[in-house]
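To keep things clear, I will list the structure first and then write my remarks on it.
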Amino acid sequence: MKSIRDTLSSILGLCLFSVMPVHAQNTQDPADQEPRYIFDTIVVTASRTETPLNQVSSSITVITAEDIERSSQSTVADLLRDVGGLSIAQNGGPGKNASVFLRGAESAYTLFLIDGVEINDPMSPGRSFSPAHLSVDQVERIEVLYGSQSTLYGSDAIAGVVNIITRRGEGSPKIGASIEGGALGTFRTQAGLSGGAEGYQYAIDGSFLNTRGISANSLGSMEEDGYKNTTLGGRLGATPAANATVDLTWRYTDGRADIDNGVGPGGDDPNRVSSSRQLFIRPSATLALWSQRWKQTLGYSLVDHSREDDNPVDENQEIASNSTFDARLHKVDWHNTLLLSEGNTLVFGAETESEQGESESKGPYPSVFDRRTARMTGVYLQELLQYGDALFASLGVRADHHSRYGSKVTYSIAPNAYLEESGTRIKGAFGTGYKAPTLFQLYSSYGDSTLQAGTSKSWEAGIEQYLADQRLMAGVTYFDNTFDNMVGWDSETSSYKNVFKATSRGMEFTGRYSASEGTSFRAYYTFTDSKDHDSDEQLLRRPRHSGGIVLDQRVRQGVDLNLSYRFSGERRDNDFSTWPATPITLDGYGIVNVAANWKITPNIQLFGRIDNLFDAEYEEVLGYGTVGISGYIGVRLGNSGY
């Protein structure tokens, strides 16, 4: 930990040296009129309608298009690593499974969305989602909403929501492309077409990534485990009438990663491959009535997950094995926003979804999971209240019915107040939630068809202080999550049971400073105490201490630098190569990344980055490799996005 503190001190010194002169200049540059952070930021995830950030009581982090471009990162998983209160544990290098822990909760307790499409995998044991294959192609912004959000989003959202929003096309036709290469034999190319006019808009994008990668097994012979990814996506829109719009969004991802048999010596495998194909489609139509006071959207979502684990015969394996997992989700939703009066808005709707899944394993331990289905139907109502420019509140309730276990009702309340004279904002939120048992937990050979839904209670309270015309913000938030009767593994019966109880409590400290266009600084620190109720032990792979800083500095017109530092404290893990598993403690670590963008002309931009600048050696999961110092450089032509 001493090396982490030393590195943090040096980085903080560099950041203050870089930012303070800009502030001291006190020029009247037009950039000083840039939108203020709190009042001029619009989010959609907190209430499922466009809402100014200062009216949102639940904690929310926004990764903007500028943040994405300046970081030069290529995957959503890597972008999320710089989000406060969120930690990622990845089983190896690029393309390997990545678990997302939001405020210390289980990875299966976070709901992932792309343009309103629920993308969690129904055939993963906990119905979680790994963002390892998600590229940043066409991503406009990412909103991370904390706390139980079951009132608006149902099951899977009891820890929070990660909402990925893609760009709409506009203006004259734009064609762009980028090419990037670097460490680990990495090659990435991307191309896109976008545009729009009165009555229609379009944005289509595709990318290809290939890398030799690193060994997934950090203790083996260090045989490289490569990764390939092909992504195609788009967003089309039309306005057939002044009060009506139709939209179509889609994304297809094909990822292929070499993996190993396990941790420890002898775990390397020269020909084992894991593949994942994901298809997300959503057509929708929106109708505005009563002079835009009532907006209703009718949408349909199709989600298709197909995974395969193929392990052919080799010198270390006499019998080949192959496992396939297929899942599909159909969802119809009707969403409404009704402005009753100035300062009083109703958000209400209904949705029904049907999920199905099946799997088959061949080899030494053959098994078949016949196709199983489940249906869930829900209705929700939320009222958004505003009293002048100082008091805001949301009240919500939801009722859901599951075809297997019955019904659940959840509710939430979230007030906040802004004291303009002092620049102080006081906020709070409380919500109940539930987590439905998954198809695997209900119907597999380890499952139990009598399982019930687990429940949760989540609350937070915080204060934020704004200075310098709201360009400077500092805040602290206390959060408390309780998870009860959750489905977990029962070692006595070797099956899933409603046995898991846990708590996750802690404090988050955040700060942000925007000096001028292209220059900003943000810092975050989270203390998380997440414990299993029965053992009183810390939950696996979740650090008690984590945080970081991000500095964006405009060196001169057209040249931007990005510097980020993140650290993770010690985490508890288990050595599953022994029976029973041996508890161990993973060391803390700190990572420094540097990126630069140089816009040579309006249509030519050079970009590059160095990840893990000081070549830190660390593990996010015991026995799985992580990437050391690595550099990448590329060029963007035209309107290539990211």
- Task: Would you mention how many residues in region 431-473 are assigned to a loop (DSSP other than H, G, I, E, B) and of a type in the set (A, V, I, L, M, F, W, C)?
- Result: 4
- Query: Quick one: would you say SER546 is closer than 30 Å to ASN217 by Cβ, among the polar types (S, T, N, Q) and touching a strand residue (DSSP E or B) at 6+ places or on another chain (Cβ under 8 Å)?
  - Reply: yes
- Test: residue in region 473-480 that is modelled with pLDDT under 95 and of a type outside the set (S, T, N, Q): yes
- Across region 403-421, what is the number of residues that are among the polar types (S, T, N, Q), surrounded by fewer than 17 Cβ atoms within 10 Å (Cβ to Cβ) and touching a residue at least 12 places away in the same chain (Cβ under 8 Å)? 1
- A careful count of residues in region 607-628 that are of a type in the set (A, V, I, L, M, F, W, C) and under 12 Å from SER218 (Cα atoms) gives 3
- Query: Taking region 516-566, which residues are closer than 21 Å to ASN91 by Cβ and either of a type outside the set (D, E, K, R) or over 20 Å from the mean Cα position of the chain (by Cα) (or both)?
  - Reply: SER530, GLN538, LEU539, LEU540, PRO543, SER546
- Query: Of all residues in region 598-642, which are hydroxyl-bearing (Ser, Thr, Tyr), surrounded by 20 or more Cβ atoms within 10 Å (Cβ to Cβ) and at pLDDT 95 or above?
  - Reply: TYR632
- Query: Within region 177-201, restricting attention to residues that are under 24 Å from ALA596 (Cβ atoms) and among the aliphatic types (A, V, I, L, M), which residue is surrounded by the fewest Cβ atoms within 10 Å (Cβ to Cβ)?
  - Reply: ILE179
- Message: What pairs come out if I take residues in region 265-287 that are under 29 Å from LEU338 (Cβ atoms) and pair them with residues that are acidic (Asp, Glu) and not in a loop (DSSP other than H, G, I, E, B) whose C-beta lies under 6 Å away, six or more apart or interchain?
- Response: SER284/ASP247
- Could you please find all residues in region 160-192 being in a helix (DSSP H, G or I) and among the aliphatic types (A, V, I, L, M)? ALA183, LEU184
- Expected single match for assigned to a strand (DSSP E or B) and either touching a His at 6+ places or on another chain (Cβ under 7 Å) or within 22 Å of ALA327 (Cβ to Cβ) (or both) among SER407, SER412 is SER407
- Task: Could you list all residues from region 279-318 that are surrounded by 15 or more Cβ atoms within 10 Å (Cβ to Cβ) and either outside any strand (DSSP E or B) or of a type in the set (Val, Ile, Thr) (or both)?
- Result: ILE281, THR286, THR297, VAL303
- Message: Can you tell me which condition VAL476 does not meet? The list is (1) in a loop (DSSP other than H, G, I, E, B); (2) in contact with a Phe, Trp or Tyr (Cβ under 6 Å, 6 or more places away or on another chain); (3) under 25 Å from ARG571 (Cα atoms), and all the others hold.
- Response: (1)
- Check ARG572, ARG541, ARG609 and return the single one that is in a strand (DSSP E or B), out of contact with any helix residue (DSSP H, G or I) (no Cβ under 6 Å at 6 or more places or on another chain), in contact (Cβ under 8 Å) with a residue 60 or more places away in the chain and of a type in the set (D, E, K, R). ARG609
- Select from region 478-503 the residues that are under 16 Å from GLY126 (Cβ atoms) and among the small types (Gly, Ala, Ser) and write down the one among them that is surrounded by the fewest Cβ atoms within 10 Å (Cβ to Cβ). SER495
- Exclusive hit being over 20 Å from ARG48 (Cα atoms) and modelled with pLDDT of 95 or more, set GLY349, GLY388, GLY357, GLY363: GLY357
- For region 124-141, how many residues are surrounded by fewer than 24 Cβ atoms within 10 Å (Cβ to Cβ) and aliphatic (A, V, I, L, M)? 1
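Hand me the list of strands (runs of 3 or more DSSP E) wholly inside region 64-115 holding 1 or more residues that are of a type in the set (Val, Ile, Thr) and buried (at least 24 other Cβ atoms within 10 Å of the Cβ).
Those strands (runs of 3 or more DSSP E) span 98-102, 110-114.
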- Task: Please find, among ASP314, ASP310, the residue that is of a type outside the set (Val, Ile, Thr) and modelled with pLDDT under 95.
- Result: ASP314
- Note on the structure: When region 202-257 is checked residue by residue, the ones that are among the basic types (Lys, Arg), surrounded by fewer than 23 Cβ atoms within 10 Å (Cβ to Cβ) and touching a Lys or Arg at 6+ places or on another chain (Cβ under 9 Å) are LYS228, ARG256
- Query: Got a number for residues in region 166-193 being farther than 30 Å from GLY631 by Cβ and touching a residue at least 40 places away in the same chain (Cβ under 8 Å)?
  - Reply: 2
- Across region 506-534, what is the total count of residues that are among the charged types (D, E, K, R), in contact (Cβ under 8 Å) with a residue 60 or more places away in the chain and in a strand (DSSP E or B)? 3
- Is it the case that region 415-430 has a residue that's under 12 Å from SER58 (Cα atoms), aromatic (Phe, Trp, Tyr) and assigned to a strand (DSSP E or B)? yes
- Message: Six or more apart or on different chains, Cβ atoms under 6 Å: show the pairs whose first residue is in region 586-606 and under 10 Å from VAL635 (Cα atoms) and whose second is of a type in the set (D, E, K, R) and buried (at least 16 other Cβ atoms within 10 Å of the Cβ).
- Response: ASN597/ASP560; GLN605/ARG636
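Yes or no, residue by residue, for (1) in contact with a helix residue (DSSP H, G or I) (Cβ under 8 Å, 6 or more places away or on another chain); (2) under 28 Å from TYR434 (Cα atoms); (3) among the charged types (D, E, K, R):
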| site | (1), (2), (3) |
| --- | --- |
| THR477 | no, yes, no |
| VAL499 | no, yes, no |
| SER504 | no, yes, no |
| SER514 | no, no, no |
| PHE521 | yes, no, no |
| ASP529 | no, yes, yes |
- Message: Considering only region 574-585, I want to know if a residue exists there that is over 22 Å from the mean Cα position of the chain (by Cα) and within 30 Å of GLY631 (Cβ to Cβ).
- Response: no
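The values are calculated or read from the model by the stated rules, or taken from the named source; none is laboratory data. Because the structure is a prediction, the values reported are computed rather than measured. Cβ sites come from the backbone with ideal geometry, for glycine too, and all protein chains shown count toward neighbours.
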